[in-house]
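Enquirer: Got a structure for you, questions after.
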Amino acid sequence: MDSAALPLPADSRHVVADIAARDDWVEAKLTRNFMRNARPALNSAALVIPVIVLVLYNNVNHFALFSWTLAAVLLMVTRYRVVRIYQRDYAGSGIVQQRAFIARYGWTWTLGAVVWGSSMFLYFRKAPVFDQFICLIVLVGMAGFAVGAFAACLRCFLGYINGMAYTILAAMAWSVAIERPFPGTVTTYALVLLMLIYWSAVRMAGLRLNRVQRSNLELQFANAQLIASLTEKTRVALEAVEAKNRFIASAAHDLRQPVHALSLYADWLRAEPELVLQITPKIVQSTQAVNELFNSLFDLARLDASVVEVNWQRVDLPSLVGELELQYAPLAKEKGLDLRTHVLAGAVRSDPVLLKRLLGNLLSNAIRHTERGGVLLAVRPGEDGWRMEVWDTGVGIAPEHQQAIFQEFYRVARHNGTEEGFGLGLAIVRRLCEALNHRLSMQSKPGQGTVFRLDMEAFDDGELARGRPYSHH
């Protein structure tokens, strides 16, 4: 089987994405460095043109020299314009635009090398040896200068070096074969050999410098990612410490009240044992409050530690709604509220125990914060499965509190200044949604009520027949 056709694991896809992002960043940085050297390289070349003209003026054909000078000047003007276009339109752009720029204007570097290499047609084996030596030194220096100036962009560097080398070889071949036929001199052939050796050395130096620059930038990218990761982890750690301190302070505050009440009731019972029938229900109520708080704290600790195992299976919605109605209808009736249900036949893929706890917290929260009217538990078709909604006609939640209510111990004061519950129910709901991969949303209007919507994946009855495994990721 072709391994290339196999899908990559999730972790591998992340690694590939990180490598692609790194390579794009490095390439864009190299292009910027290359263009940063473009203008100084042009300034140096512009200063050399008059030198070539002055050296060759009295020893070569004036028309040929004028033609070459005109071509060199026009090309210099063109390349200055290209640099200006880059600085105006591409300097701050991303990798896509950088690549488009090189693809569109990279040929100007190759053409520039061809023009400079073609100067060999003017003087090789024509001008005095000393003049030829000066002009050859210029070409050697420009080729060597290209290593530092152009190696950042490998495409332009190779175009430049190869363009110059091929043109020089063509000029030498023309001189030996056409203008002054074979056999030529040993010096000419030695010069050709030296030129080939120098060309290979320059190419190798440019390739090596490009690799060094690329490696340095890759290291810089990795360091920047590491610093960003450490900064983010530090921020998360500080937030965790702050949340832990707030959590402990709130838990101690909420635990102190029922424990203090238990102490008072115990002292009262010891002083007046004949009041046992009046005091005992109060002791039971305080004990239940302590147990409720501890149970909620243990649930949060288990969810935060990711020790809750999700038992994926088919959950029948009518059965689930019936169980919830049976459990919470008495609580609603005790407050004079109506608990109504609306359910359609269907099933979802979830954990029945955790899902029931999640919805139970939403129903309990709705009943607690509703004084008149009622609560509705409805099942409707969703976008990608089924949606369960919990409606209430309670006090509602102001927009500034709608994100914070899912934090531990966060409670919104009622209109009479009191607070009910421990502020843990919705925090548990949020963590259960994360564990079950169910999407939770809400809408609320102060004074009118609140609706929580839970979107779940529909259960495919053919999954068991196909042997689909149930595992939580």
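Each reported figure results from applying straightforward, stated rules to the coordinates on display, with no laboratory input. Everything numeric in this text was worked out from a predicted model, so none of it was measured. Using ideal geometry, Cβ is built from the backbone for each residue, glycine included, and neighbour counts are taken over all protein chains shown.
Enquirer: Excluding same-chain residues fewer than 8 positions from Lys282, which lysines have a Cα within less than 24 Å of its Cα?
Expert: Lys333, Lys335
Enquirer: While we're on this one: With the Cα gyration tensor of the stretch 3-230 giving a ≥ b ≥ c as the square roots of its eigenvalues, does the rule (a/c under 1.5 for rounded; else a/b larger than b/c for prolate; else oblate) give rounded, prolate or oblate?
Expert: Prolate shape, in that a/c is at least 1.5 and a/b is the bigger ratio.
Enquirer: Shape call for the stretch 318-361 from the C-alpha gyration tensor, a ≥ b ≥ c root eigenvalues: rounded (a/c under 1.5), prolate (a/b greater than b/c) or oblate?
Expert: Cα axes put the stretch 318-361 in the oblate bin.
Enquirer: Tell me, Tyr328, Tyr86, Tyr80 in order of fewest to most beta-carbon neighbours within 10 Å?
Expert: Tyr80, Tyr328, Tyr86
Enquirer: Still on this structure, please answer the following. Quick check on the exposure proxy: order Trp68, Trp109, Trp199, Trp268 from fewest to most C-beta atoms within 10 angstrom.
Expert: If I rank by nearby Cβ atoms, fewest first, I get Trp268, Trp199, Trp68, Trp109.
Enquirer: Same structure, new question: For Glu27, Glu383, Glu371, which order do you get if you count the other beta carbons within 10 Å of each Cβ and list the fewest first?
Expert: Glu383, Glu371, Glu27
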